[in-house]
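Novice: There's a structure below that I have some questions on.
The values are calculated or read from the model by the stated rules, or taken from the named source; none is laboratory data. Keep in mind that this is a model prediction, so the values were computed, not measured. Here Cβ is always computed from backbone atoms with ideal geometry, including for glycine, and neighbour counts include all displayed protein chains. Side chains are part of the model used for accessible areas, which takes the heavy atoms of the whole protein and leaves out ligands, DNA and RNA. Shrake-Rupley method; radii C 1.70, N 1.55, O 1.52, S 1.80 Å.
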Amino acid sequence: MMHRHELPIGSEQSSTPTPSGSSFSPKRALIEFAFLAFALAPLFHFGNRAFLGTFSTVFAAIVLEALPFMLIGSVVSGLLGEFASQGGILKLLSKGGAGAPFIAAALGLLFPVCECAIVPIARKLMQKGVPPAVALAFMLGGPIVNPIVFGSTAVAYGLSWDFAFLRLVFGYCTAVFVSFVFALAFRNKRALLLPLSPFPMHENGPQRPSGTLASYVGRARSALVHGAEDFLDMFPFLVMGAFMTAMVQSTLDRSFFVSLAANPGVAILLMMLLAVILSICSEADAFVAASFQVSLPLSAQMGFMVLGPMLDLKLIFMCLGVFRKRAILLVAGTTLVAVFGLMLLFDRYVRWVLS
Amino acid sequence: MGSIVIEIGYSTRRWWAAGAYLVWAGALLWLLLTGRYQAFLRPGFWALLLWAFAVLLLFAAALFWARPSLPAGSMPAVPGIRLLVMLLPLIYVMAAQEQTLGSHALKNRLSEPAYMERFARGSPAIVEGDNSLVTLLDILQNFKVYEGRKITTQGMVCRDETVPPGHILVFRFLIVCCAADALPAGALVSHEEVDSFEQDTWVSVEGVLGLKKVGDLTFPLIQAERITKIDPPKDPYLFPRLF
């Protein structure tokens, strides 16, 4: 039974809805089992207790930091599913059109959420009929084009408001660009997975007259169930992404990256790679970027800050619960190329200003 | 008959999921009540964890109460493995008991200490007379204030091949949000008895502040008069003020 105004996540407007409830995926179960077996290995730490200390702390820290934000995303997603009408912004986004990605990429200014919260919300927007390309613009732009990230970036760079503003502009342009490429590439192809919700348990109790307190309580309870479903579906992906990130953080020497960054192009690429594997929250990553101020050019630091919130290990894992693999590959590839190109231009500009 | 079997199995799985939410909620409550969350997150995060605790309880209650409506013949499944994956971080929360980031993490994160100026939003410590108790962050933010003065500071010991002979590196981590973004703040310490302090031991150092160049990096140097082994502080990390 589908929810009011709701499309199954894989339907993408033009395709035939599949029955909800067909959520069991042997492939996903196998991946999760393999991951679980692999994930317990560090506990034995093979005599390296220091590694276990670093790994456990970083892994637990990433999950604990992301958890409240992901719950915000799940609650908002549940409320959107139950209460959001087809009017207002949702109508504007659902209609699609060339203007929609421009609006969606800037929505973070009104709803400042970080990347952990944004995936469940984007997922719900797509279920409500927002085209995937438009939801993608929100998903990529939201974690950068938002006032909290703007403030933290300015603080990390010694109250450099213009630098923080540039980060927002780069993030916005990249999000819109990737959205258009995605829309073109998947005009007639399915980009989303089949419905994956493990709990297709929409309320079927006695219908209460709308507008009464009882009906609001019933809908609020239903919204919570939707939120709980979304969270359960997405959280394991966050755990997997956090695990891989902690593994990398516990073994990778950051100074190695600096030593390889002989020219600006290489420095930008390496910092982009570092952003992907470190998976630091967009509200804190500016401080890590600023720690490379002496060793690396501004363009490389900016590349780290623009790419990280759009494409990092934990996000890639979370997207596995929403998009098909070829769609993730396209988004990842396009985002990498777009950010790299922008940063090369930015590097040229900085050098021209300084010369 | 078949649909009844599915319904029972389905309800059981739902309750398992609600149980997993309750386990997480219990773990958050324990982290909050013991203050243990500060081994992973900055102190201000308590409010967000409290929010997470409340939402997890609500989610668990919602799942207990929810009435499923299943299309005939469908096979909903919540693999138990997924629930185990969900609980995996809690195993590592327990594994990290009484541990903090130490010299192992330091080696992966050491870079030019000059960036610490970027954290200089807080007021410098008030210097009254000699031998002020200052943090390693104070030293990096306000080096000129303390240069040539006698100070006391606290941190963990790092000794390896990159630290010059006769010295130890005393360091602490700065955290903006969580341990994943931790950056080190450190100072070299010279003293004739530095060899007696083991890796990752917490020490209090009393001495005069100067500078020392090691390779391409310049470190604050404390010429110590006294180094004392101490218990780990309640808050092992330093949390720079942002605004």
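Novice: How much of the accessible area of the range B:161-243, probe 1.4 Å, is carbon plus sulfur, in whole percent?
Specialist: For the range B:161-243, the apolar C and S fraction of the accessible surface comes to 50 percent.
Novice: Now, a different point. How much accessible area does A:Leu345 have with a 1.4 Å probe, in Å² rounded to the nearest 10?
Specialist: Taking all protein chains as shown, A:Leu345 has close to 120 Å².
Novice: Here's a follow-up. Is the range A:67-185 rounded, prolate or oblate when judged by the Cα gyration tensor, a ≥ b ≥ c being the square roots of its eigenvalues, rounded requiring a/c under 1.5 and prolate requiring a/b larger than b/c?
Specialist: Verdict is oblate for the range A:67-185.
Novice: Can you figure out the FRET efficiency of A:Ala214 with A:Leu329, using R₀ = 45 Å and their beta-carbon distance, to the nearest 0.05?
Specialist: 0.40
Novice: So for the pair A:Ser255, B:Ala61, with labels modelled 7 Å out along Cα→Cβ, what separation do we get in nm?
Specialist: Result: 5.3 nm between the two label points.
Novice: Suppose every K and R has +1 on its Cβ and every D and E has -1 on its Cβ; what is the size of the dipole of the range A:297-354 about the Cα centre, in Debye to the nearest 20?
Specialist: Dipole about the Cα centre, nearest 20: 200 debye.
Novice: Charges on Cβ only, +1 for Lys and Arg, -1 for Asp and Glu, centred on the Cα centroid of the range A:241-355; of A:Leu329, A:Leu278, A:Ala262, which one is farthest towards the dipole's positive end?
Specialist: A:Leu329
Novice: Also: If you put +1 on each Lys and Arg Cβ and -1 on each Asp and Glu Cβ, how big is the dipole of the range B:151-196 around its Cα centre, in Debye rounded to 20?
Specialist: 220 debye
Novice: Can I ask one more? What full-extension length gain, to one decimal in nm, is calculated for A:Arg49 and A:Ala262 as 0.36 nm per residue of separation minus the Cα-Cα distance?
Specialist: 73.2 nm
Novice: Moving on to the next point. Per residue, how big is the convex hull around the C-alpha atoms of the range A:259-355? Give it to me in cubic angstrom, could you?
Specialist: 92 Å³
Novice: Can you tell me the dipole magnitude for the range B:192-243 around its Cα centre, using point charges on the Cβ only (Lys, Arg +1; Asp, Glu -1), in Debye to the nearest 20?
Specialist: The dipole magnitude comes to about 340 debye.
Novice: Taking the Cα-to-Cβ direction at B:Val23 and at B:Glu198 and moving 7 Å from each Cα, how far apart do the two end points lie in nm?
Specialist: Roughly 3.4 nm, to one decimal.
Novice: So how far apart, in nm, are the two label points at B:Thr34 and B:Leu133 if each is 7 Å from Cα heading toward Cβ?
Specialist: 2.6 nm
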